[in-house]
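Novice: Quick one: the structure is below, questions incoming.
A short reminder: the numbers here are calculations on the coordinates, not readings from a lab. These numbers come from a predicted model, not from an experiment. All Cβ positions, even for glycine, are placed from backbone atoms using ideal geometry, and neighbour counts span all protein chains on display.
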Amino acid sequence: MTPPVTTSAPITPLTPTLQRVAQHLANGCASQEIAAKTGLSAVTVRQYIRDIRASLHCPPRCKPPVIVHRLFTTQQVASPTADRPAPKLSPEQRLLLRAVAEHSDTRDIAVAAKLAPADQRAALDQLLADTGAQDTTELVVLAHGWQLLPAEQAAHATRNGASQ
């Protein structure tokens with residue numbers, strides 16, 4: 001069984017400054033891009049991202065797709081709107097999508113997606129190609145826009161301690 005990515009403790013609302021940085025994360029920006037767009041130093045942006053992780057009760061080293069997913073599921077930032085129709089994904093691809101949104105470690109992703117670790121990269125590459133996403137963060141953003149990872153479902157799973 002894979003350990004939960006987040007705890008069921010109440011989420012600390014983000015300050016306006018952290019919300020601005022979180023919105024840039026949710027738009028798919030990396031820390032350097034956020035620094036350039038906001039005029040903040042890269043060091044400050046990295047600290048703010050650590051603060052966002054802590055507020056969301058995410059593990060200290062979780063990856064941006066997990067943070068972005070959590071931002072959407074806890075409604076700390078506005079959910080995106082889809083700019084194109086959702087692709088037809090197989091049940092296995094939907095499982096992989098959810099695993100990428102909820103786990104950072106490649107082994108945990110493989111276990112949650114019910115894939116052999118050796119097959120995970122190829123399956124993820126195919127999922128990225130099928131969705132038109134450039135990376136896993138954009139994949140999670142698109143999935144929320146297509147309502148493939150609805151906030152209510154993820155929030156319910158978190159409340160019940162599930163990590164599917």
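Novice: Most mobile of A112, A143, A30 per a Gaussian network model of the chain (Cα springs, under 10 Å)?
Specialist: Top of the fluctuation ranking is A30.
Novice: Considering only the other residues whose Cβ falls under 9 Å of the Cβ of L128, what net charge follows from Lys and Arg at +1 and Asp and Glu at -1?
Specialist: Details: positive: none; negative: D125, D130, D135, E138.
So the surrounding residues net to -4.
Novice: Okay, next question. Divide by every residue of the chain the summed helix terms, -39500 (n - 2.57) for each DSSP H run of at least 4, and state the resulting mean residue ellipticity at 222 nm, rounded to the nearest 500 deg cm²/dmol.
Specialist: -18000 deg cm²/dmol
Novice: Would you mind computing, in nm to one decimal, how far apart the modelled labels at K114 and A78 are, each placed 7 Å from Cα along Cα→Cβ?
Specialist: A separation of 3.8 nm, rounded to one decimal place.
Novice: With equal scatterers on the alpha carbons only and no solvent term, can you work out the Debye log10 of I(q)/I(0) for the chain at 0.08, 0.10, 0.18 1/Å?
Specialist: The Cα Debye sum returns log10 ratios of -0.22, -0.34, -1.13.
Novice: All other residues with a Cβ under 13 Å from the Cβ of L40 taken together, and with Lys, Arg as +1 and Asp, Glu as -1, what is their net charge? Each step should come with its number before you reach the end.
Specialist: On the way: positive: R20, K37, R46; negative: E33, D51.
Result for the local shell: +1.
Novice: Ok, one more. Report the calculated FRET efficiency for V43 and D130 (r = Cβ-Cβ distance, R0 = 30 Å), to the nearest 0.05. List each step's numbers first, then the result.
Specialist: Values: r = 37 Å, r/R0 = 1.25.
FRET efficiency, V43 to D130: 0.20.
Novice: Around D119, under 14 Å between beta carbons, what's the net of Lys plus Arg minus Asp minus Glu among the other residues?
Specialist: Result for the neighbourhood of D119: +1.
Novice: Taking the dipole about the Cα centre of the chain, with the C-beta of Lys and Arg at +1 and of Asp and Glu at -1, give me whichever of L124, L96, T137 is farthest to the positive side.
Specialist: T137
Novice: Here's another thing I want to ask about it. Of P91, P117, P65, which has the largest mean-square fluctuation in a 10 Å C-alpha GNM of the chain?
Specialist: Of P91, P117, P65, the most mobile in the Gaussian network model is P91.
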